Amino acid sequence: MLGIDIISISRFQKIAKSDFKHWDKFFHKLEWDYCFSRPNPSQSLAGIFSAKEAVIKATGEKGWLKIKIIHSKNYRPIAKIGRKIVQISISHEKKYAVAAAFKV
């Protein structure tokens, strides 16, 4: 099954690192810290949010925090649901972030 999602980066532009308490329903602390370690945190936040939406669509998984988006040392993202791995791709440009997830 394939899941795709696109989201406007502007939805995340006013978010500060200190806002985690408001967003901890959607992001794990490691995801949050990763985003704020990147040059443009709003792009990274939108990308991870979009990736989780795509994973939900591909797998039918319920629960934002059951899904963890992890980046390897070369920044390649994967989604983990418990011990299961879902292949994902994240891309962004000035206005939008898009993600695709594929469950075998």
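Below, the figures for the structure above:
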| item | result |
| --- | --- |
| Selection from region 60-78 of residues that are under 19 Å from ILE7 (Cα atoms), in contact with a strand residue (DSSP E or B) (Cβ under 7 Å, 6 or more places away or on another chain) and surrounded by fewer than 22 Cβ atoms within 10 Å (Cβ to Cβ) | LYS68, PRO77, ILE78 |
| Where a residue in region 5-30 is in a helix (DSSP H, G or I) and its partner, wherever it lies, is among the aromatic types (Phe, Trp, Tyr), with Cβ under 6 Å and at least six apart | LYS17/PHE36; PHE20/TRP32 |
| Evaluation of ALA16 against (1) over 15 Å from GLN87 (Cβ atoms); (2) in contact with a Lys or Arg (Cβ under 6 Å, 6 or more places away or on another chain) (one fails), failing number | (2) |
| Subset of region 79-104 (residues that are assigned to a strand (DSSP E or B) and either without any contact (Cβ under 8 Å) to a residue 12 or more places away in the chain or surrounded by fewer than 14 Cβ atoms within 10 Å (Cβ to Cβ) (or both)) | LYS84, ILE85, SER91 |
| Pair list, Cβ < 6 Å and 6+ apart or interchain, from region 31-45 residues that are without any contact (Cβ under 8 Å) to a residue 60 or more places away in the chain and under 19 Å from ALA79 (Cβ atoms) to residues that are surrounded by fewer than 20 Cβ atoms within 10 Å (Cβ to Cβ) and charged (D, E, K, R) | SER44/ARG38 |
| Restricting region 43-78 to residues that are part of a helix (DSSP H, G or I) and of a type in the set (Val, Ile, Thr), the residue that is nearest to ASP33 (Cα to Cα) | ILE48 |
| Lone qualifier among LYS52, LYS29 - being more than 18 Å from VAL86 (Cβ to Cβ) and basic (Lys, Arg) | LYS29 |
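Only the coordinates and a few stated rules stand behind these numbers; no lab work does. For clarity, every value in this text was computed on a predicted model and none was experimentally measured. FYI the Cβ positions are ideal-geometry reconstructions off the backbone, even for glycines, and counts take in every protein chain you see.
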